[in-house]
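Here's the structure we're looking at; comments come further down.
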Amino acid sequence: MANSPSKGKPILEIKDLVTRFYIPDGIVKAVDGVSYTIHEGEIVGVVGESGCGKSVTALSIMGLIPWPPGVIEQGEVLLDGVDVLKMDTEEMLRVRGAELSMIFQEPMTSLNPVLTIGRQLTESLEVHLDMDRAGAVARAGELLEMVGIPDGSSRLDDYPHQFSGGMRQRVMIAMGLSCNPKVLIADEPTTALDVTIQAQILELIQRLNQELGTAVIIITHNLGVVARYADWVNVMYAGRIIESGPAAEIYENPQHPYTLGLLSSVPRLDEPKKSKLVPIEGMPPDLSDLPQGCAFRARCRFAIEKCATEYPPSELIDGTDDHHRSCWINVDESAEKDVYVNR
Amino acid sequence: MSTDSSTTEATTTAPQEASETPPDARGDVLLDVKDLKMYFPVSSRGIIPRHVADVKAVDGVDFFVRRGETLGLVGESGCGKTTVGRSILQVYKTTGGEVNFDGTDLTKLKAKEMRRYRRRLQMIFQDPYSSLNPRMTAGSIIGEPMRIHGMAGERGEYRDRVEELLRVVGLNPYMRDRYPHEFSGGQRQRIGIARSLAVRPDLIICDEPVSALDVSIQAQIINLLQELQEEYNLTYLFIAHDLSVVRHISDRVAVMYLGKVVEIATREELYENPLHPYTKALMSAVPIPDPSVERQRERIVLQGDVPSPLRPPSGCRFHTRCPIAIEDGLCSEEDPEFRDVGGDHWVACHRV
């Protein structure tokens, strides 16, 4: 599961993606040079707090950034070697929902309340896979069964409001997987759900990933979810990936002060004694008014003078194969690290 | 409590470990809730609405909170945990049971008498956006409870107190003239906390106080609540759905399912020795941010959804989803008794 040694071939490569929003108050640098690769059959976790650009990255990949005010200014998104950002509307329509698909956080607002589940499920089957009506209906029933809705075909005539939150999210997953996508992007797929339902949905996504080989990007603020399900982790802050690597490596050996801070600020279910958390002081920066240098500087315990002037490039961490971070400081050698270790 | 025999030395912040408390001496109990019931009537539609059913949001809940401790109340949406909090404050006219606060049953008080107690019981709300009046300044929001309870004192005194409260919760006193929209979510939650502290309460009911906040801000607020507890010897009822957060801040944890408390244990017992199958499932569903730990954990995935509190299952309410329910009808017919299993640990299950 975690840290699979043999990776499949790259299926989606994001290169130096820059997405900005032009609003009356200024320019919001929502995504500011993001690069990462997803391999076949892999589960990639993207973690960060609200406003770090994790959802905007996903929407950029899907070609769903509304202009105005948003625009993808730079970068490539290579799906099997083809840049989806260069596609015209017609080509994009063929790819979106078929090879690239996405499930959203809010299953109630992402389903159309006045159309039956069956209608919403068969639409993409008819459009993308050229199925006839009867075939599409049969397949839709199968899909609902696959995501664990008992007696799926009998529920095709039901409307979204007749399903519970967890069931709606299953319908969303069935829709997302209906055309056997190469990549499924799950944007906070369980945030609106209770934990026991969250477990059901995530187990389902993992099972489908294993059985169908679909590559999955899970976007979440929940470090636990990533630890349990992801092979690879990208940590985002203020529109950039500040640390990335195999999940086991990131959790065991975090090398960016923000990752370290994030891990120390969440209570763990297994913590032995009553202790104090180590919060990250201050607030995330305003993306329309980013400071020069490292955006995390103002909240960083380790910050030095250089952090205020130059943005640290992403570099490979010594002694590892594929663990990268963007920081000027060697956290292991700094006395400040004791704050986290002693927790 | 009037019947309480314990002396002052045995009170307050003592950690609840080892707990050799015999059942008749539970320690210095500040809040004692007995068989609390809160039903919401459902009426038929039509010209003359008829009472057709009840949503049994809280259906016979027992627990107590010792002075100076934090009792966590955890459960999924719709389990009645918020209703418990509000029922304690007498926001609703409760259907049945007792809410004994420092020896007085609040459910028996007249509205006027209750007002006196409201000072001692305060609440912190989940949503820092809707729980602050957008047309009042931070200072007047924090000062309002003092004015209502006649604790405002002289003008200068009142001002000093508001500024002190702002400082206590980590805000700058000059922010007193700002309006809620000028604050971030975390700062607003601090204002809500300052407001609850203003009247020097004994018990604060924290209803999902951090769930609307980002993780790094969550930690700031959790630490603040812990510091304030030590400083002012506060007692908390901490209501939340996030078991990791609840376990972190609590001395003991009560787990609710569909209007009932199914298990109460100390934070150590709960993690090391959970007894109720729902508690076990709930814990296994919470991922731990550590892949090496995660790889070795047992995962219990419950089937199905929580049933409607309008038509709760017969017998044990959890039996429809329970992995260990017995077929012979015991679980589906008989409501299990909530019993003491020793070591400050209570559970309601036939199979334990």
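Here are some notes:
- Where only DSSP H runs of four or more residues are counted, chain B gives -8500 deg cm²/dmol as its mean residue ellipticity at 222 nm, each run worth -39500 (n - 2.57).
- Rounded to the nearest Hz, the phi-derived 3J(HN,Hα) couplings of the range A:302-307 under the Karplus curve 6.51 cos²θ - 1.76 cosθ + 1.60 (θ = phi - 60°) are 8, 3, 10, 4, 4, 4, where x marks glycine and proline.
- Residue mean of other protein chain beta carbons inside 10 Å, B:294-305: 5
- When the Cα positions of B:Y174, B:A152, B:A138 are compared along the charge dipole of the range B:135-199, B:A138 comes out farthest toward the positive end, with charges on each C-beta of Lys, Arg, Asp and Glu.
- Scattering profile of the protein assembly as shown at q = 0.06 Å⁻¹ [log10 I(q)/I(0), Debye over alpha-carbon scatterers]: -0.38
- Computed from the Cβ-Cβ distance with R0 of 41 Å, the FRET efficiency linking B:L109 to A:S153 stands at 0.10.
- Each Lys and Arg adds +1 at its Cβ and each Asp and Glu adds -1 at its Cβ; summed about the Cα centre, the protein assembly as shown shows a dipole of about 2440 debye.
- Charge dipole magnitude, Cβ of K and R +1, D and E -1 - the range B:99-249, Cα centre, debye nearest 20: 660 debye
- Taking other Cβ atoms within 10 Å as a rough exposure proxy, B:D32, B:D105 sort from fewest to most as B:D105, B:D32.
- Cβ-Cβ FRET estimate between A:Q162 and B:V91, R0 fixed at 41 Å, reported to 0.05: 0.80
- Spin-label proximity, A:S288 to the range A:40-64 - amide N less than 18 Å from point 7 Å beyond Cα toward beta carbon: A:51-53, A:56
- Additional length obtainable on full extension of the chain from A:D270 to A:D16, 0.36 nm per residue less Cα span: 87.6 nm
- Taking packing as the residue-averaged number of other Cβ atoms within 10 angstrom, the listed peptides B:67-77, A:114-124 run from highest to lowest as B:67-77, A:114-124.
- Charged-residue dipole, Cβ positions (Lys, Arg, Asp, Glu), the range A:1-139 about Cα centre, Debye nearest 20: 260 debye
- Projected label points at A:L212 and A:E333, each 7 Å from Cα along the beta carbon direction, are separated by 4.9 nanometres.
- The orientation-averaged projection of the convex hull spanning the C-alpha atoms of chain A amounts to 18.7 square nanometres.
- Centroid-to-centroid, using Cα positions, the range B:51-118 and the range A:101-147 are 45 Å apart.
- Cα-based helix-to-principal-axis angle, A:195-212 vs chain A, degrees rounded to 10: 80 degrees
- Projected label points at A:E40 and A:L93, each 7 Å from Cα along the beta carbon direction, are separated by 3.1 nanometres.
- Per-q log10 I(q)/I(0), the range B:135-199, q = 0.23, 0.24, 0.29 Å⁻¹ (Debye; single scatterer per alpha-carbon; no solvent): -0.89, -0.96, -1.37
- Computed from the Cβ-Cβ distance with R0 of 25 Å, the FRET efficiency linking A:V127 to A:D322 stands at 0.05.
- Exposure proxy order (Cβ contacts within 10 Å, fewest to most) of B:L270, B:L36, A:L316, B:L228: A:L316, B:L228, B:L36, B:L270
- Residues B:W346, A:W328, sorted so that the one with the fewest Cβ neighbours within 10 Å comes first: A:W328, B:W346
- Taking every residue in B:245-254 and counting other chain Cβ atoms within 10 Å of its Cβ, the average works out to 3.
- Along the range B:316-331 the Karplus relation, 6.51 cos²θ - 1.76 cosθ + 1.60 evaluated at θ = phi - 60°, assigns HN-Hα couplings of 6, 5, 8, 4, 5, 10, 7, x, 10, 4, 8, 6, 5, x, 4, 5 Hz to successive residues, with x for each Gly and Pro.
- Label positions at B:R311 and A:I304, each projected 7 Å from the Cα along the C-beta direction, are separated by 6.8 nm.
- Of the DSSP H helices in chain B, those with a Cα length along their own long axis of 15 Å or more and a mean Kyte-Doolittle hydropathy reaching -1.0 comprise B:138-148, B:185-197, B:215-232.
- Listed by chain and number, the aspartates and glutamates whose C-alpha is less than 13 Å from the C-alpha of B:K34, apart from same-chain residues fewer than 8 away, are B:D59, B:D62, B:E98, B:D105.
- Proximal lysines relative to A:K54, as straight alpha-carbon distance under 28 Å, when same-chain residues fewer than 8 apart are discounted: A:K7, A:K9, A:K15, A:K29, A:K86, A:K182, A:K306, A:K337
Read the figures in this text as sums done on the coordinates, not as results from a lab. Since the structure is predicted, the reported quantities are computational estimates derived from the model, not experimental observations. We place every Cβ from the backbone using ideal geometry, glycine too, and count neighbours over all the protein chains shown.
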